[in-house]
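Working notes, structure below.
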Amino acid sequence: TAQANSFNGTLCFFSKHLPEKNWQQLAQTVKNLGFDGIDLTVRPGGHVLPAQAAEDLPKAIAAINAEVLAVPMITTGLTSANDPMAKPILSTAGKLGIPFFKPGYYKYEFKDVRRELEKFGVEFSALVELGKLSGVQCGFHNHDGNIGAPLWDVATVIDGLDPKWAGYYFDVRHAVVEGGSGGWKIATNLVAPRLKMIAVKDFYWEKTAKGWRIANCPLGEGMVDWRQYFKLLRQANFHGPVSLHLEYEIPGATAAAKEENTIAAAQRDIEFLKARLAEAYK
């Protein structure tokens with residue numbers, strides 16, 4: 001059990017990164033790495049397929065719980081309450097007591113961003129309402145290049161929604177990409193009162209022959225100021241789920257070799273993550 005003065009959120013592995021493993025293997029591997037939970041993909045190509053969610057999500061959760069791991073959040077591709085998969089996924093998650101879900105992504109077409117933002121507001125609000133009816137809270141994920149990348153845009157929508165059911169799944173890597181030196185701090189402050197869960201990953205800008213590009217990398221090797229970030233989270237008294245992502249290139253000549261290297265990468269990154277959290281929350 002966590003001490004009162006230390007971080008007591010659930011450290012989750014994002015299941016996307018071990019796609020070949022079945023639910024039981026996934027849970028065993030993740031537990032051995034020292035995680036407390038799994039951020040489970042319930043989307044096309046995920047560990048639970050949307051069309052099978054009503055049947056398979058309970059089985060997946062049972063297999064994961066059998067290894068004494070939690071599933072505090074699911075990652076979906078849902079962007080509309082009218083999606084025929086939305087109700088079965090969310091009501092099943094609600095019945096299973098999964099607290100949070102991540103919706104899919106909303107894109108700017110860059111034709112009329114104000115109108116595109118309005119359309120987002122209508123769709124997202126209805127999805128949040130469906131989550132509320134199902135008993136599952138929605139955490140909006142900020143992703144570079146999309147609606148919500150700077151966070152000020154979606155704040156105008158999310159501020160008007162019930163804070164119990166609508167908040168943020170904050171991704172500091174994307175906030176640093178979009179926000180440079182001060183923007184990510186502004187974004188962290190903006191989301192803090194409604195922070196549901198966080199995604200953890202790192203990157204740096206790299207100059208190539210084709211111009212500047214975003215290079216994903218292991219935690220602590222990039223531009224995210226982890227010490228400062230976790231200090232801000234501590235001040236905000238955040239104790240929600242933390243989802244670790246391995247978006248950087250992991251080598252491997254075969255699927256098995258790649259999987260082995262992925263597990264080693266997860267081991268290294270969770271040790272870094274635990275050290276930074278312990279430092280900030282001591």
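The values are calculated or read from the model by the stated rules, or taken from the named source; none is laboratory data. Because the structure is predicted, anything quoted here is derived from the model rather than measured. For neighbour counting, all protein chains shown are included, and Cβ atoms are generated from backbone atoms with ideal geometry for every residue, glycine included. For the accessible areas, the whole protein counts, side chains as well, though only heavy atoms, and no ligand, DNA or RNA atoms are used. Shrake-Rupley method; radii C 1.70, N 1.55, O 1.52, S 1.80 Å.
Of note:
So that you can scan it fast, the table gives a plain yes or no per residue for (1) without any contact (Cβ under 8 Å) to a residue 40 or more places away in the chain; (2) of a type outside the set (Gly, Ala, Ser); (3) over 19 Å from Gly183 (Cα atoms):
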{"site": "Gly211", "(1), (2), (3)": "yes, no, yes"}
{"site": "Glu221", "(1), (2), (3)": "yes, yes, yes"}
{"site": "Tyr229", "(1), (2), (3)": "no, yes, no"}
{"site": "Leu232", "(1), (2), (3)": "no, yes, no"}
{"site": "Ser243", "(1), (2), (3)": "no, no, yes"}
{"site": "Ala253", "(1), (2), (3)": "yes, no, yes"}
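- A search for C-beta distances below 8 Å between a residue of segment 44-55 that is free of Cβ contacts under 8 Å to residues at least 60 places away in the same chain and any residue that is acidic (Asp, Glu) and open to solvent by less than 60 Å² (accessible area, probe 1.4 Å), counting only pairs 6+ apart in sequence or on different chains, returns Val48/Asp56; Leu49/Asp56.
- Matching option when the condition is among the small types (Gly, Ala, Ser), modelled with pLDDT of 95 or more, farther than 19 Å from Tyr169 by Cα and surrounded by fewer than 22 Cβ atoms within 10 Å (Cβ to Cβ), among Ser125, Ser91: Ser91
- Scanning segment 244-261 for residues that are under 21 Å from Asp171 (Cβ atoms) and either within 18 Å of the chain's Cα centre (by Cα) or aliphatic (A, V, I, L, M) (or both) turns up Leu244, His245, Leu246, Glu247, Tyr248, Ile250.
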